[in-house]
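J.: What follows is a single structure, and I will ask about it in a moment.
The values are calculated or read from the model by the stated rules, or taken from the named source; none is laboratory data. Quick caveat: nothing in here was measured; it's all calculated off a predicted structure. Reconstructed Cβ throughout: ideal geometry from the backbone, glycine too, with neighbour counts over all protein chains shown.
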Amino acid sequence: MLLDSNIVIYSAEPEYVELSGYIRSEPRVVSIASYIEVLGFHALDEYHKRFFEGFFRSVEILPLTTVIADRAVELRQQHRMDLGDAIIAATALEHSLTLVTRNTRDFRWIGNLDLHNPIPDDLTIQN
């Protein structure tokens, strides 16, 4: 399974303790795009910075290859989508991985992409 950036972010929150257990039950893989999106957030506090640095040390980070970049270009030509989402979806497709994401609607149009949302719709982060 390939974890989307939002799943990585939610896993740091106490409301999502079950999510942390779920993502530890399988080999954890992320795209380099998720690494950049999560650790590159400009307002990352020290707790989350340390959490995410530890998280990324414990997972396989798939690189951006020319094949993945070409696939991301094709996806963006077919449908308006964020660059990070296109790279993440292309990575999942090229590695034949299920994309685990809360935002399944952003990827639903990609016919051959296997999606899974492990978070119930009625569960939200409390600020």
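J.: Evaluate the following for Ala86: is it surrounded by 12 or more Cβ atoms within 10 Å (Cβ to Cβ), under 15 Å from the mean Cα position of the chain (by Cα) and at pLDDT 95 or above? Give the steps one after another, and end with the answer.
T.: Values: surrounded by 12 or more Cβ atoms within 10 Å (Cβ to Cβ): yes; under 15 Å from the mean Cα position of the chain (by Cα): yes; at pLDDT 95 or above: yes.
Criteria met by Ala86.
J.: Okay, next question. Out of region 7-27, which residues are of a type outside the set (Val, Ile, Thr), in a helix (DSSP H, G or I) and buried (at least 19 other Cβ atoms within 10 Å of the Cβ)? Outline the logic, then answer.
T.: From region 7-27, those of a type outside the set (Val, Ile, Thr) are 10-16, 18-22, 24-27; that's our starting set.
So of that shortlist, the ones also in a helix (DSSP H, G or I) come out as 10, 14-16, 18-22, 24.
Of everything in region 7-27, those that are of a type outside the set (Val, Ile, Thr), in a helix (DSSP H, G or I) and buried (at least 19 other Cβ atoms within 10 Å of the Cβ) turn out to be Tyr10, Tyr16, Leu19.
J.: I'm trying to understand the selection: among the residues of region 69-86, which are more than 20 Å from Tyr10 (Cβ to Cβ) and either touching a His at 6+ places or on another chain (Cβ under 6 Å) or assigned to a helix (DSSP H, G or I) (or both)? Please lay out each step first, then the result.
T.: First, the residues of region 69-86 that are more than 20 Å from Tyr10 (Cβ to Cβ): 69-81, 83, 86.
Once the filter is applied, which keeps residues that are more than 20 Å from Tyr10 (Cβ to Cβ) and either touching a His at 6+ places or on another chain (Cβ under 6 Å) or assigned to a helix (DSSP H, G or I) (or both), region 69-86 yields Ala69, Asp70, Arg71, Ala72, Val73, Glu74, Leu75, Arg76, Gln77, Gln78, Leu83, Ala86.
J.: Take the residues of region 89-121 that are in a helix (DSSP H, G or I) and out of contact with any Leu (no Cβ under 7 Å at 6 or more places or on another chain): which is surrounded by the fewest Cβ atoms within 10 Å (Cβ to Cβ)? Let's see the steps before the verdict.
T.: Keep residues of region 89-121 that are in a helix (DSSP H, G or I), which gives 89-94, 104-106.
Filter once more, so that each one left must be out of contact with any Leu (no Cβ under 7 Å at 6 or more places or on another chain): 94, 105-106.
Details: Glu94: 15, Arg105: 10, Asp106: 19.
Here the answer is Arg105.
J.: Search region 42-66 for residues that are in contact (Cβ under 8 Å) with a residue 60 or more places away in the chain and pair each with any residue that is among the acidic types (Asp, Glu) when their beta-carbon atoms are under 9 Å apart and the residues are at least 6 apart or on different chains.
T.: Note: pairs meeting the criteria are Leu62/Glu94.
J.: Going through Thr66, Thr101, Thr91 one at a time, which residue ends up being more than 17 Å from Ile9 (Cβ to Cβ), at pLDDT 95 or above and touching a strand residue (DSSP E or B) at 6+ places or on another chain (Cβ under 9 Å)? Break it down stepwise before answering.
T.: On the way: Thr66 fails: touching a strand residue (DSSP E or B) at 6+ places or on another chain (Cβ under 9 Å); Thr101 fails: more than 17 Å from Ile9 (Cβ to Cβ).
Only one candidate qualifies: Thr91.
J.: Output yes when any residue across region 28-48 is among the aromatic types (Phe, Trp, Tyr), assigned to a helix (DSSP H, G or I), modelled with pLDDT under 95 and closer than 30 Å to Gly111 by Cβ, and no when none is.
T.: no
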